[in-house]
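The values are calculated or read from the model by the stated rules, or taken from the named source; none is laboratory data. Since this is a predicted model, take the numbers as computed values, not measurements. Ideal geometry is used to build each Cβ from the backbone, glycine not excepted, and the neighbour counts take in all protein chains shown.
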Amino acid sequence: MAGSCRQRAREWMAHDPDPDTREEVRALLAAGDDAALADRFGSGLEFGTAGLRGALGAGPNRMNRVTVMRAAAGVARWLGAGALVVVGYDARHRSARFARDSAEVLAGAGCRVLLLPEPLPTPVLAHTVRARSADAGIMVTASHNPPRDNGYKVYAGGSGPAAGAQIVPPADSEIAAGMREAPPVDELPRSEEWRVLGEDAVADYVAAVADLPLGEDRGIDVTYTPLHGVGASTLAAVFRRAGFPPPRMVPEQAEPDPDFPTTAFPNPEEPGVLDLALAAGERNGSDLVLANDPDADRLAVAVPGYGLLTGDEVGGLLGEYVLERTSGADRVVASTIVSAGTLAAIAEAHGLRWEETLTGFKWLARAGGPGERNVFSYEEALGYCVGGDAGRPVADKDGISAALLVAALAARAKRGGGTLLDLVREQERRYGLHRTRQVSLRVADTTRLAATMRGLRSDPPTALGSWDVAHVEDFAMGVGDLPGTDALRFGLDGPACARVTLRPSGTEPKLKAYVEVALPPEESGEEGRSRASGYVSELAGAVEELFPEA
C-alpha cells in the first residue's frame, strides 16, 4: 500500500500544474510520511449529486487544481461541445483559481463559458443559469464547511421549472465517468476563449428577488451577518431595491475572509456561531437578526432577546406567507422526509397539495407534477426556496430571497405589535405544535456510517425512551414515489405522536437523527410547549444511547 501510494504521488507530481501542491507532495515523499500519502493518494473524492467537497491539498482525495480540472473535463464530456456553461465562485481559498481552471478546460473542450465577475452567492449562479438559458452551471464553494475545505457543485440548465437546479442522477455518474476517462490534466486542451459577465448578472438577480410579493410593510430594523462570506453586498442591494432600510452589519464578520477568523465552523446551525450577531442585534435594538452561511444559500433567523427560530418554524412562516400572496389551485409546496409536519397542515388548510421529497434541493426544486407550480419548498437545515405567481428567482435554496421575505413578514408582525415569535405561536394554535431537534453523531471514519445503517436495518430498536417503535420505513427500498436513499424513519407510539428519522450526512462524517414530536392545537400553550420540549430531549437522548461510540 505504501509503495503504491508513493508511486501515485510521483505520477501526480509529473502532471500537477500547481507548484504549491507539487511541493506538498515532494515534502511528504522526502519525509517518508506514508500515512499522509495514503490519506491523499489511497482513495479519491467521489463525484456525486452534491458534486465534490473536501479538504484543500494534493492528491485525488483533496480539492486542488488537478481534481477541479478533471471535474471540468467530466462536465464538458457530459454536456458536449457547444454547450453554454456559467461558472461562479465564492471567496474561499483557491475558489477564483478553480473557477478560472474550469473555464479554461470547458472552453478548451468547445463549450461556451460565462464567468461571474467576482466572488458571489450561490443563488446568483443558480439564477444566472436560468436567466441566460445556459445548459449548466458550476459553483466553486464548500458552503458552510470549515476553512480548510472547498467544493464543486453542478447545476442543470435547460428549460422548465427545474432549470438552474442542482443535478440529479444519472448526470452525476456521467460526469464521474468523464473524470475517470480524462487524460492527465496537462494534456487537456485549454482555452481562454471565455467571457466574464458584467454587473448586470447581479442586477438581474437583485431585480428578480425584489419583485417577489412582499406586502406593504417595510418598517423593520435588521442586524445581519454574512459570516465572513459573500452575501453582504448582494443582500444589501436586494433590501435597497425592495425599499427596506439597510441592514446593520456585524462589523467583525462583514467582509469576505476565507479563514473565518471568528468561527472555526461557519455553519449558522452550530451552537455559538451566531453569538456575535445576537449580541449585536441586542446592542442595536434590532427587531430581527439574520445570518447567511458563507455562500448565502442558507438563512438563520433570530429574534433578539429570544434566540434562533428553527428551520421548521421559519419554513412554516414563509410557506404560509407565500401562499397568502400567490393564487391558483395549481400551486404546490414541498418539504423533505426530515422536516416537520407543519407545512403539510398549512397546505391542507389552503386546499393545496404538499409533496414530500428526499433531502436536498436537487429534489425539492423538482417537486410538483405536470401543470403544477412549486411556489415554496424548504428543508429544516435552514434552506428555503420562495416564489411568486411570476415564478421563482432560483430553483435552489436561496438565503437572500428568504431573508427579504422574512424581513417583510417581521415588519408586518411589528406593525401589529408583535414579532416573528408571536406568528410562530399563532401557527401552533392553528396547525398544532411541532417540536423538532437534529442530533448529529460525528464519526472519525466515514466507513462506519454504512455499517451503522446496516446494523439498524438488520436489528432495529424496539423502543426509544418511553416510545415503542411501531413501524419502520426503509427509504433504501423506496417509499411511495421517492427514489431509494440511505435513510430510516421510525414511527413511535408513546406519550405523544412522534417520529425519528436517521440518515448519514451527504457532506460530512456524521450520522444525523431528526426527532419530531407533535401535539394537537389544543395543547399548544406554554404547558404543551414545555411537555413537547421534554419529549424531544428524551428522544434525542435515547438516539444518542443507540450510538455510544459515535
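Suppose the filter is touching a residue at least 40 places away in the same chain (Cβ under 8 Å) and at positive phi; does Gly42 pass it?
no
I need the full set of residues from the range 229-279 which are under 24 Å from Arg412 (Cβ atoms), more than 20 Å from the chain's Cα centre (by Cα) and of a type in the set (Gly, Ala, Ser), in order please.
Of everything in the range 229-279, those that are under 24 Å from Arg412 (Cβ atoms), more than 20 Å from the chain's Cα centre (by Cα) and of a type in the set (Gly, Ala, Ser) turn out to be Ala236, Ala237, Ala242, Gly243, Ala277.
Please work out which residue is surrounded by the most Cβ atoms within 10 Å (Cβ to Cβ), limiting yourself to the range 47-78 and to residues that are among the charged types (D, E, K, R) and in contact with a helix residue (DSSP H, G or I) (Cβ under 7 Å, 6 or more places away or on another chain).
Once the filter is applied, the top-ranked residue is Arg70.
How many of the residues making up the range 157-185 are more than 14 Å from Ala72 (Cβ to Cβ) and either β-branched (Val, Ile, Thr) or touching a Pro at 6+ places or on another chain (Cβ under 7 Å) (or both)?
The total comes to 2.
Name the one entry in Pro183, Pro189, Pro161, Pro169 that is closer than 26 Å to Val332 by Cβ and exposed (fewer than 14 other Cβ atoms within 10 Å of the Cβ).
Matching residue, one of Pro183, Pro189, Pro161, Pro169: Pro169.
From (1) farther than 20 Å from Leu492 by Cα; (2) assigned to a loop (DSSP other than H, G, I, E, B); (3) within 26 Å of the chain's Cα centre (by Cα), pick out the condition that doesn't hold for Val479.
Here Val479 meets the rest and fails (1).
Within the range 205-218, can one find any residue that is under 21 Å from Lys414 (Cβ atoms) and in contact with a Phe, Trp or Tyr (Cβ under 6 Å, 6 or more places away or on another chain)?
Yes; the residues of the range 205-218 include at least one that is under 21 Å from Lys414 (Cβ atoms) and in contact with a Phe, Trp or Tyr (Cβ under 6 Å, 6 or more places away or on another chain).
Would you confirm, using the coordinates I've provided, whether Asp481 is out of contact with any helix residue (DSSP H, G or I) (no Cβ under 9 Å at 6 or more places or on another chain) and either farther than 29 Å from Ala334 by Cβ or hydrophobic (A, V, I, L, M, F, W, C) (or both)?
no
What single numbered condition from (1) in a loop (DSSP other than H, G, I, E, B); (2) in contact with a helix residue (DSSP H, G or I) (Cβ under 9 Å, 6 or more places away or on another chain); (3) at pLDDT 95 or above fails to hold for Ile346?
(1)
Could you grab the pairs with beta carbons closer than 9 Å, sequence gap of 6+ or different chains, first residue in the range 325-354 and assigned by TED's automatic domain parsing to the domain that holds Leu502, second one part of a loop (DSSP other than H, G, I, E, B)?
none
Tell me which residues, restricted to the range 222-255, are part of a loop (DSSP other than H, G, I, E, B) and closer than 20 Å to Asn267 by Cα.
Across the range 222-255, the qualifying residues are Pro226, Leu227, His228, Gly229, Val230, Gly231, Val250, Ala254, Glu255.
Among the residues of the range 298-308, write down those that are assigned to a loop (DSSP other than H, G, I, E, B), farther than 16 Å from Ala411 by Cβ and touching a strand residue (DSSP E or B) at 6+ places or on another chain (Cβ under 8 Å).
Within the range 298-308, Arg298 is the sole residue that qualifies.
Please determine whether any residue of the range 489-511 is surrounded by fewer than 17 Cβ atoms within 10 Å (Cβ to Cβ), within 20 Å of the chain's Cα centre (by Cα) and part of a strand (DSSP E or B).
yes
Go through (1) buried (at least 24 other Cβ atoms within 10 Å of the Cβ); (2) within 18 Å of Val124 (Cβ to Cβ); (3) not aromatic (Phe, Trp, Tyr) one by one and return the number of the condition Gly391 breaks.
Result: Gly391 passes all but (1).
Find the residue count for the range 235-249, including only residues that are under 26 Å from Ala142 (Cβ atoms) and buried (at least 22 other Cβ atoms within 10 Å of the Cβ).
Within the range 235-249, residues that are under 26 Å from Ala142 (Cβ atoms) and buried (at least 22 other Cβ atoms within 10 Å of the Cβ) number 3.
Limited to the range 100-114, what total is found for residues that are surrounded by 24 or more Cβ atoms within 10 Å (Cβ to Cβ) and touching a Phe, Trp or Tyr at 6+ places or on another chain (Cβ under 6 Å)?
2
Just for the range 355-388: of the residues that are part of a strand (DSSP E or B) and of a type in the set (Phe, Trp, Tyr), which one is surrounded by the fewest Cβ atoms within 10 Å (Cβ to Cβ)?
Tyr378
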